Amino acid sequence: MQITPDFNRYAEGSVLVEFGETRVICTASVEAKVPSFLEGQHRGWVTAEYAMLPRSTHTRSGRNPGGRGHEIQRLIGRALRTSVRLSALGPRQITVDCDVIQADGGTRTAAITGGWVALALAVRRLAAREKLTSDPMRLSVAAVSTGIISGEPRLDLAYVEDSAADVDFNFVITDSGKFVEIQGTAESEPFSGEDYNRMVALAEAGAKQLFALQQEAIGRAKAP
């Protein structure tokens, strides 16, 4: 796993996140506007967009994100908003674009983990320009996949593991140990409560590594 900060020279916050062979570019862009439903409320907004680039998989796909892409970008947006006090952001919107340049499973979890770093860097640079009166970032958010393959629980599934998994879960977790979202299903065989608890324990252990990786990337970023 690796997160490279300042991957894009123009964006307020950006990273290249690598989970195995999965690679996602996350860029955070700040705009002095909010969605119409927030106008006049002096609150900000965080949203996300997600796309798999045409040759990120074995065959070329189109640039339309489709239903799956829209579902994933809504998940990313929900996860990232959890980490921000929108009232402290002021009347501005931060859009986190997550573009998958190579996919080998876990693209949504990589996008959330890297997207949080891009968001945090953008907010840090806003604060450095004295555009904020208080820090909007209230916690860290990361995401990781787990699964059960032939009775064995595994963490951060690659595509070949994911496609063979009996059970497949995605966990979005805060650095305080709370869950933002859990997505999971039995692909072939039903799972027990004991199986679920084993996957939760794996996800929590993996998330601790991801939080450390996020902070290390922020520490290596250019000064605001």
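The values are calculated or read from the model by the stated rules, or taken from the named source; none is laboratory data. Note that this is a predicted model, so its numbers are computed, not measured. Glycine gets a Cβ as well: all are built from the backbone with ideal geometry, and neighbour counts include every protein chain shown.
Restricting the search to the stretch 170-194, which residues are farther than 20 Å from PHE19 by Cβ and buried (at least 17 other Cβ atoms within 10 Å of the Cβ)?
PHE191
Any chance the stretch 169-182 includes a residue that's without any contact (Cβ under 8 Å) to a residue 12 or more places away in the chain and more than 19 Å from ILE72 (Cα to Cα)?
Yes; the residues of the stretch 169-182 include at least one that is without any contact (Cβ under 8 Å) to a residue 12 or more places away in the chain and more than 19 Å from ILE72 (Cα to Cα).
Let's see how each residue does on (1) closer than 30 Å to LEU86 by Cα; (2) in contact with a His (Cβ under 6 Å, 6 or more places away or on another chain); (3) modelled with pLDDT under 95:
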| position | (1), (2), (3) |
| --- | --- |
| LYS131 | yes, no, yes |
| PRO136 | yes, no, no |
| ALA158 | no, no, yes |
| ILE173 | yes, no, no |
| GLU187 | no, no, yes |
| ARG198 | no, no, no |
| ALA205 | yes, no, no |
| LEU210 | yes, no, no |
| ILE218 | yes, no, no |
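When you look at ARG63, is it free of Cβ contacts under 8 Å to residues at least 40 places away in the same chain and either surrounded by fewer than 17 Cβ atoms within 10 Å (Cβ to Cβ) or among the polar types (S, T, N, Q) (or both), yes or no?
yes
I'd like to check which strands (runs of 3 or more DSSP E) are fully inside the stretch 68-163 and have at least 2 residues that are more than 20 Å from VAL15 (Cα to Cα).
Answer list for the stretch 68-163: 141-149, 152-155.
Of all residues in the stretch 36-67, how many are within 14 Å of the chain's Cα centre (by Cα) and either assigned to a loop (DSSP other than H, G, I, E, B) or not aliphatic (A, V, I, L, M) (or both)?
3
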